[in-house]
Each structure stands twice: as structure tokens, then as C-alpha cells.
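Nothing in this text is a laboratory measurement; each read-out follows from the coordinates by a stated rule. Computed from a predicted structure; not experimentally measured. We place every Cβ from the backbone using ideal geometry, glycine too, and count neighbours over all the protein chains shown.
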Amino acid sequence: MFEQDTNRTTSEEPSMRSMFQQVGLWGRPMALFVGGFSVLNLVGQWRYPGFDANLWWIDLRFVPPETGRFFLFLASSFLLVFSIRPKLRLWRKWITFGFVLLLYLVCIWNVVVFYVLLAQGKIRAGVPVPFSLLVSMGFEVIGIAIVAGRGEVSRAKERRIFLFVPTLCIVLFPLAQMFFFGMTDYRRPADVVVVFGARVYSDGRLSLALSDRVRTGCELYKEGLAKYLVLSGGPGDGAVHETEAMRRFAIEQGVPQEAILLDAGGVNTKATVDNTVEMVAGIGKQRVLVVSHFYHLPRIKMTYQRAGLDVYTVPAEQTRILAGMPRYLLREIVAIWVYYLRSLVP
């Protein structure tokens, strides 16, 4: 009987190792995406202040900024080398694994902080699961890839996975930001609420998207969270400008006219950010709450960061799901990467 158990255990060990190696096939391309994205952020930050977007996936603000950047640079460099040259010498294998373990532990700490803030009522999460939890799972896969090795796999299959996984990450990363970050309500006392515009029909009526945004901004004002309401937009479908239609609606919602400021040049996200940064600085204000739809907020946050202003985001309370939501999500995936990379283009 003992001999039978021994044989069974021995036969199970190769299959278990093979299973880990199959999981680990995804680890190298994941390491390529994470390492490449991190290094690009760090190099971009050196050239363009405000470029660094590593905070989107890991929060190292509990250590001095330079220490955090140096740690990320070393960790990302080892991840990149592993993704390109997976046959590791023993010392490089365990150093790489050590960095992955540290990154994993930081992500778990970020998860704990998220739930503490949630329990304290400092944030309201539309999705009660932090993005850091998904990132930590990704590091588990990378760790398995480092320890288990490549195993027996055809080069054709390995190439397919190596192309597929980073492409999938390029699509899912901004999509995850929309749902995890965008749906989280960071409302708190501020100086100004900025509402981003949307369509106004030719008869002056606000579209459903715009009425939801303005109504949410008005609620923030009426809660006493800010003294001013900034309404930003461009031309409407007809003679009525978006900001004028927004102003009328805000007054109907109970916001006094003297508390409303208009940005009539907000024809796109960057224009609204540039205009409102100047406007806020002009009235000597610092803390800003921004209102738009959840899918729009990651790009807004990033653009304000590039302009040197840290803002808190509040997703518009939706009357119902917009009919064009799938199209808006797909468009926003492209827009986020365009806005992210545009600083690198002369």
C-alpha cells in the first residue's frame, strides 16, 4: 500500500509542475507589460513632470518619492530582463522573484488600505474590489513563471501567448481603470466643483448624460462641499451653448447664480483641463472635485495631473445606463492611451 501511494505521489508531481508551467506561460508577457509600462513612466517623468502614471497600478506613497521610483526602476528592469531572457541563473532568478514578492506585498497593502478607507466612509466604491487585488494576482502568475520555468512548449504557442497577453493588457488596463477607479466616489470638502460638458440638443435641452453630470455637481454644491460650481463645455447642436444650458439647469436645481462660473471653451477634455486650471488659480483655489461619467474620469485625472493639479473625482449618478455605453467604453480605451502618450510626441 505504501508503495502504491509513493507511485501515485510521484506521478502527480510532474502533472502539478506541468500545470504551473502552463500558468507561467502568461507570466513572461505580463512581466513585459508591467516592466515596460513602469520604465516608460519613470523615464517620462524625468523628461516631463507629471507624466508618471505608476500610481494607477501600485501606490508607493508610504515611502519617499525618490526611494519609490528607484525601487520601481530596479524591479521593472529585472522584470523586463526576465521577459526577454527567461533562462535565469540562480542568483538572477531569486533576485527577480524577490522583487516580484515585494511588489506583491505592496499590492496587498494597497488592498488593505482600500478597505480601511471604505470602512471609514472616506470613499464610496461602485465596485467593492480594488484594482490592486487584480494586480497582485498578476504578480502571482509572474512568480509562478519564475519558479516553475518554461517547460516543454512549442515556440509557436509561446509566441502566440507572448503577443496575445500584452495586447490583452493594453485593452484591459484602461478598462479596469474605468470600472475600478472611475466608479469610486472620492467626494470631500473642496473649493470648486468642475462639471464636464456633453451634448445639448438644438432646442436647448440637456442630453441625459449632461443632465446627470450637472445634477451630480449641483448635489455636491448643495451638500456644502464647495463654494463654486464651474460648468465647462463647447457649442451645442443649436444656438444655445452647452454652458448656458448647464447654467440654467443648475439654477433650476437650486444653485445661486453668483456661485456658478462658466468655461465656454471646454471643447474637449484637454481644453477643459487647461481652462479650469487657469480659472481655479485665478480665484486662488486649490482643491477641486471633478464630475463626469465613470469611463471619462481616469483620463480626466491623468490630464489634470499632467497640468500640475491633483483633483478628486466623483462619477455622475446615472439615471440609467447610456444607450451608447459600449461605444463610449471602446472609444475611451483608445483616448486614454492617446492622452497618455501624447507628451512623448513633439
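By the count of neighbouring beta-carbon atoms within 10 Å, fewest first, Asp212, Asp237, Asp274 end up ordered Asp237, Asp274, Asp212. Site pair Lys285 and Arg89 shows an inter-label distance of 5.9 nm when each label is modelled 7 Å from Cα along Cα→Cβ.
When the alpha carbon gyration tensor of region 109-228 is reduced to an equivalent ellipsoid, its three semi-axes come out at 42, 22, 8 angstrom, largest first.
On the beta carbon distance between Leu163 and Ala119, with R0 = 35 Å, the FRET formula returns roughly 0.25. The lysine pair count for the chain, using Cα distances under 20 Å and pairs eight or more places apart or on different chains, is 8.
Once the cut-off is 17 Å, how many percent of the Cα-Cα pairs in region 304-346 end up in the long-distance tail? Looking at region 304-346, the distances longer than 17 Å represent 56 percent of pairs.
Can you list the trypsin sites (Lys or Arg not before Pro) in region 80-176 that are in a DSSP coil and have 10 or fewer other beta carbons within 10 angstrom? In loop regions of region 80-176 (DSSP not H, G, I, E or B), the sparsely surrounded trypsin sites (Lys or Arg not before Pro) are Lys87, Arg89.
Straightening the chain between Ala264 and Val127 buys 45.9 nm, computed as 0.36 nm per residue apart minus the Cα-Cα spacing. Neighbour counts of C-beta atoms inside 10 Å place Ser136, Ser202, Ser38 in the sequence Ser202, Ser136, Ser38, starting with the fewest. Loop-located chymotrypsin sites (Phe, Trp or Tyr not before Pro) in region 158-206 (DSSP state not H, G, I, E or B) with no more than 16 neighbouring Cβ atoms inside 10 Å: Tyr201. P(r) for region 2-181, from all Cα pairs and a bin width of 5 Å, is 1, 8, 14, 18, 18, 15, 11, 7, 4, 2, 1, 0, 0, 0 %, short bins first. Just the Cα atoms of the chain, one point each, no solvent: what log10 I(q)/I(0) does Debye give at q = 0.11, 0.15 Å⁻¹? The Debye formula, applied to the Cα set alone, gives -0.80, -1.25.
Relative to the Cα centre, what is the charge dipole magnitude of the chain, using +1 at the beta carbon of each Lys and Arg, -1 at the beta carbon of each Asp and Glu, and rounding to the nearest 20 debye?
Values: 38 positive and 27 negative charges, 186 e Å.
Result for the chain is approximately 900 debye, rounded to the nearest 20.
If the segment from Asp310 to Phe62 were pulled out straight at 0.36 nm per residue, it would be longer than the present Cα-Cα gap by 87.5 nm.
Between Ile108 and Ser202, what length in nm is gained on full extension when 0.36 nm per residue of separation is reduced by their alpha carbon distance? Walk me through the intermediate numbers first.
Details: separation 94, 0.36 × 94 = 33.84 nm, distance 5.06 nm.
That works out to 28.8 nm of additional length.
Pro256 sits among other residues whose Cβ lies under 11 Å from its own Cβ, and their net charge, with Lys and Arg +1 and Asp and Glu -1, is +1.
Based on DSSP H runs of at least 4 residues, each adding -39500 (n - 2.57), what is the mean residue ellipticity at 222 nm of the chain after dividing by all its residues, to the nearest 500 deg cm²/dmol? Intermediate values should be presented prior to the final figure.
On the way: 11 runs with 201 residues, N = 346.
Theoretical 222 nm ellipticity from helices: -19500 deg cm²/dmol.
Restricting things to alpha carbons, find the Rg to Rh ratio for region 186-322 using the Kirkwood radius for Rh. Result for region 186-322 is an Rg/Rh of 0.92.
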